[in-house]
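Single-structure report; data block below.
The values are calculated or read from the model by the stated rules, or taken from the named source; none is laboratory data. Since the structure is predicted, the reported quantities are computational estimates derived from the model, not experimental observations. Note that each Cβ is placed from the backbone with ideal geometry, even for glycine, and that neighbours are counted across all protein chains shown.
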Amino acid sequence: MITVSGLTKHYGPRTVVDDVSFTLEPGTVTGFLGPNGAGKTTTMRMITGLVPASAGSALVDGRPYSALPNPGSVMGTLLDAAAVHPGRTGRMHLRLLADAIGVPAPRVDEVLELVGLSDAAGRRIRGYSLGMRQRLGIAGALLADPPVIMFDEPANGLDPEGIRWMRGLLRDHAARGGTVLLSSHLLGEVEHTVDRLLVIGGGRIVADGPVASLLSSDGVSVTSADPVSLAADLTARGFAVAPGDDGALVVSGASPSDVGAVAAAGGHVLSELRPLQRGLEDVFFSLTAA
Amino acid sequence: MTTALATPVAVRPAARRTGPSLPSAVWLEVRKSLSTRSGMAVAAAALLIGPAAMALAAGTASEDLDDALGPLVVTGLLGALVLLSLGALSTAGEWTHGSIQTTFLLEPRRGRVMAAKAAAVALMGAVIAVVASGLSVLVLLAVQPSWPWDGVGRAILMVAVAGAAFALIGAGFGAAVGNTAGALTGIYLLNLGVLPILQTTKPELADKIDPGNAILELAQGDQQVQSVVILTVWVGVALIAGTVMTRRRQVS
């Protein structure tokens, strides 16, 4: 579990993270979404103590990260896949991490197989592609199979197969009771992976909630055989009606049952009735527009 | 590259409940230093430069040596100068490559990381220096079988002290600078540029600040207190500066 309270970071007069607060519960995958420079990475670095916070606090498993007796066994973190010595082999890199965390040596080969790097484990990291470094970073984070996982842009450099695998990995981790925080600017990636979205823009959390509720909109789209007559009946009942695409009517402030009741009472034949849903991209840009 | 991505296992591996003990952390740092080509190359150079210089000196000398201490310490100091790099690489190298991020994620107590690195480079410096001295002795034996043994023990001890001290100075300087190229340039400019020039122009001042000269004085039994103070100040200032910067610097 991660609890962040009023986390703030100033660089001189510039505030890059402004009073960010959230709590992440076990069993959930949370997407941390925002444009470049929004403050995602700085927030994650403050959670791990790599960057000191100007104000506020962050607790992992009830303690500041720096007070965890063995942090690598509590939270698996991938912030920068390039943060490795290029002269070491992938296997040696993981062996050093395994010894630091205190997991048995055979676990190294397990995670190498898990991320599909067994064949490249003996090669020096300088010869790895970005995707391979990303998978090596994920392997390092998973060495102790920690209850909390925090990945910053893990899909960068991964091929479609790797992205799909990672989605499954994170979903499986949450299903086993783990807590996952996943930052991304790839909207589609987040949409298909997370239960909850934290949207950050200009250093502030601008939206926080389940994906479905953020995507839902207060309104209904309805297509009728006689849209003019249906629009008149809906307007008479006090609903605001506007023309939509392909002859549909957009009824603001109404639920499907409201519109269904009006249609039934008026004997209207409906060919489509659905709640309006905004695309994640629309939500993202409307929330983060400065 | 074709990869086969596996499904995660449901059994959580047993992990230690606490971080590594200090000896384990020191051993981990030793392995980190020697797990790269650059680290191994510097260690090998530090190991071989003294014996090679001894072979050259003994092989070309017109007269037999009447004292083993001086040549052993002087050639040992060559290795110690190389050990400056080993120390600097162990700290500055992590900042340059960004791997310090992983190090601090697994051990957020930065003072402890610095302590482990300092102990590791001191250990490596002393061991490499002692082994190098042993090789130099073998070289002397091969070139001049009847050479005098007087002072060999003291010479090896002084070379070990030099190896540890110079590696510590390098580690502290590297941690303070946080950049491999900058640390190596600065430290060698100081030791091979500024100090020799000072030794020529202001020898009385140079004698009071030159760590290499302090090792020579210690080996000869001269200026014992002053020499210990000089070495202590160099190591202390470097480590304090390195620790302060390591604790303060943000990992971005």
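Okay, residues lined up against (1) at pLDDT 90 or above; (2) within 11 Å of A:PRO227 (Cβ to Cβ); (3) in a helix (DSSP H, G or I):
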residue: A:ASP246; (1), (2), (3): no, yes, yes
residue: A:ALA254; (1), (2), (3): no, no, no
residue: A:VAL259; (1), (2), (3): yes, no, yes
residue: A:VAL262; (1), (2), (3): yes, no, yes
residue: A:ARG274; (1), (2), (3): no, no, no
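Are any residues in the stretch B:137-168 surrounded by 20 or more Cβ atoms within 10 Å (Cβ to Cβ) and either more than 30 Å from B:VAL237 (Cβ to Cβ) or over 19 Å from the mean Cα position of the chain (by Cα) (or both), and if so, which ones?
Scanning the stretch B:137-168 gives B:VAL139, B:LEU140.
Would you mind listing the strands (runs of 3 or more DSSP E) fully within the stretch A:177-217 where at least 2 residues are farther than 22 Å from A:ARG164 by Cβ?
Filter on the stretch A:177-217 gives A:196-201, A:204-210.
Does A:THR15 qualify as being in contact (Cβ under 8 Å) with a residue 60 or more places away in the chain, part of a strand (DSSP E or B) and away from chain B (no Cβ under 14 Å)? Lay out the reasoning, then the answer.
Numbers: in contact (Cβ under 8 Å) with a residue 60 or more places away in the chain: yes; part of a strand (DSSP E or B): yes; away from chain B (no Cβ under 14 Å): yes.
Yes; evaluated as a whole, the condition is true for this residue.
When the stretch A:61-70 is examined, which residues are found to be part of a helix (DSSP H, G or I) and free of Cβ contacts under 8 Å to residues at least 12 places away in the same chain? Show your work before the answer.
Of the stretch A:61-70, the ones part of a helix (DSSP H, G or I) are A:65-67.
Answer for the stretch A:61-70, where residues must be part of a helix (DSSP H, G or I) and free of Cβ contacts under 8 Å to residues at least 12 places away in the same chain: just A:ALA67.
Hey, can you tell me all the residues within the stretch A:61-85 that are more than 23 Å from A:SER129 (Cα to Cα), more than 8 Å from every other protein chain (Cβ to nearest Cβ) and among the small types (Gly, Ala, Ser)?
Hits for the stretch A:61-85 are A:GLY62, A:ALA67.
Failed condition for B:GLU107, given (1) touching a residue at least 24 places away in the same chain (Cβ under 8 Å); (2) within 19 Å of the chain's Cα centre (by Cα), with all others met?
Only one criterion in (1) touching a residue at least 24 places away in the same chain (Cβ under 8 Å); (2) within 19 Å of the chain's Cα centre (by Cα) is unmet by B:GLU107, namely (2).
This table checks each residue for (1) free of Cβ contacts under 8 Å to residues at least 40 places away in the same chain; (2) in contact with a strand residue (DSSP E or B) (Cβ under 7 Å, 6 or more places away or on another chain); (3) crowded, with 23+ Cβ neighbours inside 10 Å.
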site: A:LEU158; (1), (2), (3): yes, no, no
site: A:GLU161; (1), (2), (3): yes, no, no
site: A:MET166; (1), (2), (3): yes, no, no
site: A:ARG171; (1), (2), (3): no, yes, no
site: A:SER184; (1), (2), (3): no, yes, no
site: A:GLY188; (1), (2), (3): no, no, no
site: A:VAL194; (1), (2), (3): no, yes, yes
site: A:LEU197; (1), (2), (3): no, yes, yes
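Determine which single condition A:LEU170 fails, assuming it passes every other condition in (1) under 17 Å from the mean Cα position of the chain (by Cα); (2) part of a loop (DSSP other than H, G, I, E, B).
Answer for A:LEU170: the failing condition is (2).
Against the definition (of a type in the set (Gly, Ala, Ser) and loosely packed, with under 14 Cβ neighbours inside 10 Å), how does A:GLY62 come out, yes or no?
Values: of a type in the set (Gly, Ala, Ser): yes; loosely packed, with under 14 Cβ neighbours inside 10 Å: yes.
Yes; evaluated as a whole, the condition is true for this residue.
Are any of the residues in the stretch A:16-32 surrounded by 22 or more Cβ atoms within 10 Å (Cβ to Cβ), modelled with pLDDT under 95 and among the small types (Gly, Ala, Ser)?
Within the stretch A:16-32, one or more residues are surrounded by 22 or more Cβ atoms within 10 Å (Cβ to Cβ), modelled with pLDDT under 95 and among the small types (Gly, Ala, Ser).
Which ones in the stretch B:50-104 are among the β-branched types (Val, Ile, Thr), within 14 Å of another protein chain (Cβ to nearest Cβ) and free of Cβ contacts under 8 Å to residues at least 12 places away in the same chain? Can you show your working first?
Just the residues of the stretch B:50-104 that are among the β-branched types (Val, Ile, Thr), to begin with: B:60, B:73-75, B:82, B:91, B:96, B:100, B:102-103.
Still in the list and also within 14 Å of another protein chain (Cβ to nearest Cβ): B:91, B:96, B:100, B:102-103.
Hits for the stretch B:50-104 are B:THR102, B:THR103.
Looking at (1) in contact with an Asp or Glu (Cβ under 6 Å, 6 or more places away or on another chain); (2) surrounded by fewer than 19 Cβ atoms within 10 Å (Cβ to Cβ), find the lone condition where A:GLY127 falls short.
Here A:GLY127 meets the rest and fails (1).
If A:ASN156 satisfies every condition in (1) within 14 Å of chain B (Cβ to nearest Cβ); (2) in a loop (DSSP other than H, G, I, E, B) but one, which is the exception?
All conditions are met except number (1).
The conditions are (1) over 23 Å from the mean Cα position of the chain (by Cα); (2) farther than 29 Å from A:GLY6 by Cα; (3) more than 7 Å from chain B (Cβ to nearest Cβ), and A:ARG88 fails exactly one of them. Which is it?
Only one criterion in (1) over 23 Å from the mean Cα position of the chain (by Cα); (2) farther than 29 Å from A:GLY6 by Cα; (3) more than 7 Å from chain B (Cβ to nearest Cβ) is unmet by A:ARG88, namely (3).
In the stretch B:88-103, is there at least one residue being modelled with pLDDT of 95 or more, over 30 Å from B:ARG16 (Cβ atoms) and buried (at least 24 other Cβ atoms within 10 Å of the Cβ)?
yes
Yes/no matrix, rows are residues, columns are (1) in contact with a Cys (Cβ under 6 Å, 6 or more places away or on another chain); (2) surrounded by fewer than 23 Cβ atoms within 10 Å (Cβ to Cβ); (3) polar (S, T, N, Q); (4) within 22 Å of A:GLY177 (Cβ to Cβ):
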{"site": "A:GLY34", "(1), (2), (3), (4)": "no, no, no, no"}
{"site": "A:PRO52", "(1), (2), (3), (4)": "no, yes, no, no"}
{"site": "A:GLY76", "(1), (2), (3), (4)": "no, no, no, yes"}
{"site": "A:ARG91", "(1), (2), (3), (4)": "no, yes, no, no"}
{"site": "A:ALA105", "(1), (2), (3), (4)": "no, yes, no, no"}
{"site": "A:GLY116", "(1), (2), (3), (4)": "no, yes, no, no"}
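Considering only the stretch A:221-256, how many residues are in contact (Cβ under 8 Å) with a residue 40 or more places away in the chain and charged (D, E, K, R)?
Count: 1.
Could you list, in sequence order, all residues of the stretch A:92-134 that are closer than 26 Å to B:ALA25 by Cα, facing chain B (nearest Cβ under 8 Å), in contact (Cβ under 8 Å) with a residue 24 or more places away in the chain and assigned to a helix (DSSP H, G or I)?
A:LEU97, A:ALA100, A:ILE101, A:ARG107
Suppose the filter is modelled with pLDDT under 95 and under 18 Å from B:GLY163 (Cα atoms); does B:GLY59 pass it?
Considered against the rule, which asks whether it is modelled with pLDDT under 95 and under 18 Å from B:GLY163 (Cα atoms), B:GLY59 comes out as no.
I'd like to check something: does the stretch A:133-145 contain any residue that is of a type in the set (A, V, I, L, M) and within 17 Å of the chain's Cα centre (by Cα)?
Step one: list which residues in the stretch A:133-145 are of a type in the set (A, V, I, L, M), which gives A:136, A:138-139, A:141-144.
In the following step, the residues that additionally are within 17 Å of the chain's Cα centre (by Cα) were identified as A:138.
Yes, there is a match, as at least one residue in the stretch A:133-145 is of a type in the set (A, V, I, L, M) and within 17 Å of the chain's Cα centre (by Cα).
Where residues in the stretch B:193-252 are loosely packed, with under 13 Cβ neighbours inside 10 Å and within 14 Å of chain A (Cβ to nearest Cβ), which of them is farthest from B:ALA176 (Cα to Cα)?
B:SER252
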